[in-house]
Amino acid sequence: MTLAPIAQFRVPSQPVAARVPVAVEATSDHELMIAVRAGEIRRLGDLFERYHQPLYGFFVRLTNQPSVGEDLVQIVFYRILKYRHTYRDEGKFSAWIYHLARKVAADHFRKHASTPIPTDPVDMLDQADAGAQPSEQAAAAEDVVLLRAALARLPLEHREVLVLSRLQHLEHKEIARLLDCSVGAVKVRAHRALKELREVYFKIRKEKVA
Amino acid sequence: MNCQRVQDNFIDYQDGSLPADESAQLRAHLTSCPTCQREWAALQEMTRKLDALPVAEPSPRLRENFYAMLDHAQRDADAPSPFALARSRIDRFFAALLPEQPAMQFAFALALLVCGLLAGQHYLARPAAAPVDDSAKREVAELRKQMDAVNQLVVASLLQQKSTTERIQAVLTTMDQKAPSPSDLHAMLTVMQTDSSINVRLSIVDALNQHSDDSIVRAGVLSALPRERAPLVQVAMIELLTAARDRVAEPVFEKLSRDESVDLNVRAAARRALAVLRLPAASPTATLQPAAQPLLT
Ligand SMILES: [Zn+2]
């Protein structure tokens with residue numbers, strides 16, 4: 001263990017990124033997880049406080065369903081407890097938890113394979129609230145709806161790489177480990193995904209105007 | 001640098017990981033190539049939009065469920081049998097209370113047996129052979145009345161106690177008997193349906209597992225299941241009913257497994273339970289846990 005895992009996150013450049021936990025605590029994620037593994041189960045609470053929001057963001061962006069997002073976060077922490085003995089001394093907690101999260105998401109998508117990704121009504125309500133604001137904000141809110149719809153239409157592997165790199169602020173190196181491919185492949189995929197997102201985004205906008 | 005090369009480097013350039021000399025070449029190319037300029041601007045725009053994408057906050061339910069699960073797991077890890085801990089405390093408590101005279105001690109122990117309240121095994125063993133005369137019987141009857149009152153008090157206080165820990169302790173002590181009386185079980189079922197704490201409700205379902213052969217217990221759990229809101233408790237209830245192989249539960253499981261508004265884990269547990277119930281009674285210990293994952297990372 002050389003670095004606190006949080007140091008692996010890219011320095012956020014946008015306010016939205018501020019929700020990524022900051023490494024101010026003396027105890028590192030890794031130390032906490034080792035304690036949990038040794039039987040101090042309650043210390044998982046600290047890790048929950050650090051990770052549940054980024055994880056929730058990961059799932060909501062991947063599934064477009066806030067209510068499903070909560071269930072999936074709960075499942076991740078359940079699996080951490082259940083498989084705590086498999087956490088390794090040389091492990092890296094952030095990598096491990098995202099590894100589990102990807103598996104949980106994959107299970108979810110496998111179970112709901114044929115169903116298209118819905119736009120959650122809760123999201124729509126959020127946007128309706130924003131719609132009551134001055135027109136500039138209303139436009140921004142509509143943009144968000146469009147972008148979410150576009151994200152939902154991307155193939156999972158493109159959506160995933162965008163969510164991990166742009167929204168979860170994981171390093172390309174870390175994503176490569178997660179996806180089990182080279183760093184170069186991650187970058188190529190991220191670029192393609194962005195281009196595709198743009199195409200889908202403008203296509204939906206055109207459909208809406210027409 | 002050709003256009004393809006330049007565009008391949010966009011992602012690195014964007015997050016500042018492109019070496020300085022290549023960055024300089026890229027910038028030079030951008031100033032002279034309208035195609036790459038457009039591409040770069042589009043990439044920047046989409047990135048900006050993505051970075052600005054807000055995320056809703058998870059509801060308090062997430063935190064509540066997580067800490068309920070954590071408490072549960074910590075208790076499991078601390079003491080394989082939480083009952084053992086409770087028993088030793090209660091033994092000490094009653095040892096201090098126990099009257100000095102043998103007759104009274106006998107009556108008191110018998111009252112404990114009758115009321116089924118908090119009886120430690122070694123008290124029960126002692127009086128077995130003693131003769132019982134009329135005055136002793138009256139004494140016992142009187143004590144039994146008092147103990148019934150105490151028993152009701154315990155249940156009442158269970159519902160009113162402020163701290164979750166105290167309520168859980170009360171559940172454990174009430175249930176930590178060789179044979180809890182029907183009224184104890186009834187009280188537990190009532191608290192299970194009314195207590196505001198997930199942890200208390202979960203403790204009760206856990207404790208009731210030992211009494212799942214009692215049809216009153218199963219009926220109580222089954223009727224509480226559709227009204228229970230916490231997924232963890234619902235799953236525990238489903239597991240109890242499944243372990244008892246009570247096919248009466250099938251319609252309720254069926255309904256839960258189909259209800260879109262029900263938590264995913266609960267629906268999955270209901271589906272697994274249905275599968276187990278419909279199995280020919282071969283493997284009564286069929287597990288309800290999600291399939292084990294291969295070793296990770
Ligand atoms: Zn060019």
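Structure summary
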read-out: Lone qualifier among B:Val266, B:Val221, B:Val262 - being within 18 Å of B:Glu64 (Cα to Cα), among the β-branched types (Val, Ile, Thr) and surrounded by 23 or more Cβ atoms within 10 Å (Cβ to Cβ); value: B:Val266
read-out: Total residues in segment B:38-55, condition within 38 Å of the chain's Cα centre (by Cα) and within 16 Å of the ligand (Cβ to nearest atom); value: 0
read-out: Those residues of segment B:19-37 which are more than 16 Å from the ligand (Cβ to nearest atom) and not in a helix (DSSP H, G or I), in sequence order; value: B:Pro19
read-out: Residue in segment B:28-45 that is touching a residue at least 24 places away in the same chain (Cβ under 8 Å), under 20 Å from A:Glu171 (Cα atoms) and touching a Phe, Trp or Tyr at 6+ places or on another chain (Cβ under 7 Å) present; value: yes
read-out: Any pair with Cβ under 9 angstrom, 6 or more apart, that starts in segment B:211-233 at a residue that is of a type in the set (Ser, Thr, Tyr) and ends at one that is part of a loop (DSSP other than H, G, I, E, B); value: B:Ser212/B:Ala244; B:Ser212/B:Asp246; B:Ser215/B:Asp246
read-out: Number of the exception - A:Val144 against (1) more than 8 Å from chain B (Cβ to nearest Cβ); (2) farther than 28 Å from B:Arg267 by Cα; (3) at pLDDT 55 or above; value: (1)
read-out: Residues of segment A:51-67 that turn out to be surrounded by fewer than 21 Cβ atoms within 10 Å (Cβ to Cβ) and out of contact with any helix residue (DSSP H, G or I) (no Cβ under 6 Å at 6 or more places or on another chain), as a count; value: 1
read-out: Failed item, numbered, when B:Ser196 is tested on (1) part of a helix (DSSP H, G or I); (2) farther than 27 Å from A:Arg79 by Cβ; (3) among the hydroxyl-bearing types (Ser, Thr, Tyr); value: (1)
read-out: Of residues in segment B:56-73 being without any contact (Cβ under 8 Å) to a residue 60 or more places away in the chain and surrounded by 19 or more Cβ atoms within 10 Å (Cβ to Cβ), the one nearest to the ligand (Cβ to nearest atom); value: B:Pro58
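Yes/no per residue for (1) modelled with pLDDT under 80; (2) β-branched (Val, Ile, Thr):
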{"position": "B:Thr194", "(1), (2)": "yes, yes"}
{"position": "B:Leu208", "(1), (2)": "no, no"}
{"position": "B:Ser215", "(1), (2)": "no, no"}
{"position": "B:Glu239", "(1), (2)": "no, no"}
{"position": "B:Arg245", "(1), (2)": "no, no"}
{"position": "B:Val252", "(1), (2)": "no, yes"}
{"position": "B:Asp259", "(1), (2)": "no, no"}
{"position": "B:Leu277", "(1), (2)": "no, no"}
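The values are calculated or read from the model by the stated rules, or taken from the named source; none is laboratory data. Every value quoted in this text rests on a predicted model; they were computed, and no experiment measured them. Here Cβ is always computed from backbone atoms with ideal geometry, including for glycine, and neighbour counts include all displayed protein chains.
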